[in-house]
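Remarks on the structure that follows.
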Amino acid sequence: MSGLAAIGEDLPTFVTHLECSLTAERYPADTLQTLSKAGRPLLVRYDLDGIRRALPRRALAGRPQSLWRYRELLPVRRAQNVVSLGEVMTPLIPLPRIAARLATGGEILVKDEGRLPTGSFKARGLAVAVSMARELGVDTMAMPTNGNAGAAMAAYCSRSGIKAYVFCPDDTPAVNVREIAMQGAEVFLVDGLIDDCGKLVGEGERVAGWFNCSTLREPYRIEGKKTMGIELAEQLGWELPDVIFYPTGGGTGIIGMWKAFAELAAIGWIGPKRPRMVVVQATGCAPIVRAWQEGAEHAPRWENARTVAAGIRVPQAIGDFLILRAVRESGGFATAVSDDAIAEAWSEVAAEEGVLLCPEGAATYAAYKQALADGRIRREDRAVLFNCASGLKYPMPDAGTPLQLGNAVDWRGLVKDRRPTARR
Ligand SMILES: *Cc1c(COP(=O)(O)O)cnc(C)c1O
């Protein structure tokens, strides 16, 4: 229960109720909930006036460097239910060389979420969701995943003594499948995509009574994910950036951040400025981009979805209208990049700046370059790219020149120009 000893038994929570994201119908908090009667995600609502009165920004000083520092804006009511593996605040890493080359007068910042437990930002959502599951007496949880969410759920469930069942597409990177198993969950490899896995979890929910922790089917993962937005605001001195590039799968992060910004404004911690929210998808799986281009409110299933960026290979998102709303309300846009562009962006940032992104994070940089080239963003913008997992979790291109001991080394051929930028 790291860092929470100082908080005491009862957390000062301000949750008033849950609300259907489509119809605004109210539901009670403090009982187990899934989707609304309308089949849509439920959002957690708070007494924001109460928070505004109780909590000046300066109260954060001296609190743990963790997402739990924002506990008044989170739903967990009792400290003993908090399940923690050390949810650090993640750094904002500038890309100064690339910015000097591409964005004179502007700034490119990578929010590196790979530093979190289990190596991805799925830890934020699952830390809060599993804490709430414990608070509400859940003993078994299940979810479909492309890897990172399942790993985070497995870890937090083991930590809290909850049994976990995880269903992945059978081409999920082996490292993800194995970390899920190592962290104590039952893991199944399904010959389909994440939404096919979701159907199996739905059946398990009916047959075996599992609690279904699929993206946006329970109300609390989004609350954990929204801490990315609060943390970003705090790190930038409560002045949000001009534009945020977000690799979008199920969309919890973008929906959560947009919710966070509204809540921060309501409690008086930020002014009216909002970033433009940019959805980044892969050209092989771009349902939100297509819907945005067509001006549609919902995004039908993308058939034959394929991309190397597994975290954003989500053919259909139940929160599609909430993602699209955040993009439109913010004056942002939705854009797709090819797997080739992702691969190029991946090695470019790693070699030039020493920052090993994940492929989904690389997609945001590819999209940034594209948007700069076609004038959709300005060079002087302060842009934040979300890197949502550690690059170390992904299979990388083959490398390494063999050297045989006993043969003379060809030093002339071996020694390269040491400055990485000189290669371009
Ligand atoms: C899950 C995931 C995403 C997509 O996040 P959502 O908030 O669900 O849209 C992006 N990148 C990585 C690495 C992920 O694991």
Legend entry - Selection within the range 237-250 - closer than 23 Å to residue 362 by Cβ and touching a Lys or Arg at 6+ places or on another chain (Cβ under 8 Å): 241, 242, 243, 244, 249
Inset, instruction - Scan the range 363-395 residue by residue and report those that are among the aliphatic types (A, V, I, L, M), more than 21 Å from residue 120 (Cα to Cα) and surrounded by fewer than 16 Cβ atoms within 10 Å (Cβ to Cβ). - result: 373
Inset, instruction - Inspect the range 229-239 for any residue being assigned to a strand (DSSP E or B) and either surrounded by fewer than 22 Cβ atoms within 10 Å (Cβ to Cβ) or on the phi < 0 side of the Ramachandran plot (or both) and give the result as yes or no. - result: no
Legend entry - Count of the range 237-271 residues which are over 21 Å from the mean Cα position of the chain (by Cα) and hydrophobic (A, V, I, L, M, F, W, C): 5
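Let's see how each residue does on (1) in a helix (DSSP H, G or I); (2) without any contact (Cβ under 8 Å) to a residue 60 or more places away in the chain; (3) within 16 Å of the ligand (Cβ to nearest atom); (4) not hydrophobic (A, V, I, L, M, F, W, C):
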position: 351; (1), (2), (3), (4): yes, no, no, no
position: 361; (1), (2), (3), (4): yes, no, yes, yes
position: 371; (1), (2), (3), (4): yes, no, no, no
position: 378; (1), (2), (3), (4): no, no, no, yes
position: 383; (1), (2), (3), (4): no, no, no, no
Legend entry - Selected residue (only one of 308, 327 is at pLDDT 95 or above and among the β-branched types (Val, Ile, Thr)): 327
Inset, instruction - List the number of the failed condition for residue 245; all other conditions in (1) within 14 Å of the ligand (Cβ to nearest atom); (2) part of a helix (DSSP H, G or I) hold. - result: (2)
Inset, instruction - Please identify the pairs in which a residue from the range 238-251 that is without any contact (Cβ under 8 Å) to a residue 24 or more places away in the chain has its Cβ atom under 9 Å from the Cβ atom of a residue that is more than 7 Å from the ligand (Cβ to nearest atom) and assigned to a strand (DSSP E or B), counting only partners at least 6 apart or on another chain. - result: none
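Kindly state which helices (runs of 4 or more DSSP H) lie completely within the range 97-206 and contain at least 1 residues that are farther than 28 Å from residue 30 by Cα, within 16 Å of the ligand (Cβ to nearest atom) and in contact with a strand residue (DSSP E or B) (Cβ under 7 Å, 6 or more places away or on another chain).
174-182
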Legend entry - Subset tally (residues that are over 15 Å from residue 360 (Cβ atoms) and in a helix (DSSP H, G or I)) for the range 290-333: 15
Legend entry - Filter result for residue 222 (surrounded by 23 or more Cβ atoms within 10 Å (Cβ to Cβ) and away from the ligand (no atom under 15 Å from the Cβ)): no
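Quick grid of which residues meet (1) under 20 Å from residue 363 (Cα atoms); (2) in contact (Cβ under 8 Å) with a residue 24 or more places away in the chain; (3) surrounded by fewer than 20 Cβ atoms within 10 Å (Cβ to Cβ); (4) not acidic (Asp, Glu):
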{"residue": "67", "(1), (2), (3), (4)": "no, yes, no, yes"}
{"residue": "78", "(1), (2), (3), (4)": "no, yes, yes, yes"}
{"residue": "88", "(1), (2), (3), (4)": "no, yes, yes, yes"}
{"residue": "91", "(1), (2), (3), (4)": "yes, yes, yes, yes"}
{"residue": "94", "(1), (2), (3), (4)": "yes, no, yes, yes"}
{"residue": "106", "(1), (2), (3), (4)": "yes, yes, yes, yes"}
{"residue": "112", "(1), (2), (3), (4)": "yes, yes, no, no"}
{"residue": "115", "(1), (2), (3), (4)": "yes, yes, yes, yes"}
{"residue": "118", "(1), (2), (3), (4)": "no, yes, no, yes"}
Legend entry - Flag if residue 291 is over 28 Å from residue 152 (Cα atoms), of a type in the set (A, V, I, L, M, F, W, C), at pLDDT 95 or above and within 15 Å of the ligand (Cβ to nearest atom): yes
Inset, instruction - Considering every residue within the range 150-166, establish whether at least one is aliphatic (A, V, I, L, M) and surrounded by fewer than 17 Cβ atoms within 10 Å (Cβ to Cβ). - result: no
Inset, instruction - Have a look at 265, 260 and point out the one that is assigned to a helix (DSSP H, G or I) and either at positive phi or more than 16 Å from the ligand (Cβ to nearest atom) (or both). - result: 265
Inset, instruction - For residue 137, indicate whether it is at positive phi and without any contact (Cβ under 8 Å) to a residue 60 or more places away in the chain. - result: no
Legend entry - Yes/no for residue 85 being within 20 Å of residue 220 (Cβ to Cβ) and either modelled with pLDDT under 95 or part of a loop (DSSP other than H, G, I, E, B) (or both): yes
Legend entry - Matching residues in the range 275-289 - criterion: being part of a loop (DSSP other than H, G, I, E, B) and under 19 Å from the mean Cα position of the chain (by Cα): 275, 286
Legend entry - Pairs with Cβ under 8 Å, 6+ apart, first in the range 9-32 and in contact (Cβ under 8 Å) with a residue 60 or more places away in the chain, second assigned to a loop (DSSP other than H, G, I, E, B) and among the small types (Gly, Ala, Ser): 15/29; 18/29; 21/36; 21/319; 22/36; 22/38; 32/137
Inset, instruction - For residue 312, state whether it is within 12 Å of the ligand (Cβ to nearest atom), in contact (Cβ under 8 Å) with a residue 60 or more places away in the chain, β-branched (Val, Ile, Thr) and under 28 Å from residue 345 (Cα atoms). - result: yes
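The values are calculated or read from the model by the stated rules, or taken from the named source; none is laboratory data. Note that the structure is predicted; figures quoted are calculated from it, not measured. Neighbour counts run over all protein chains shown; Cβ positions are idealised from the backbone, glycine included.
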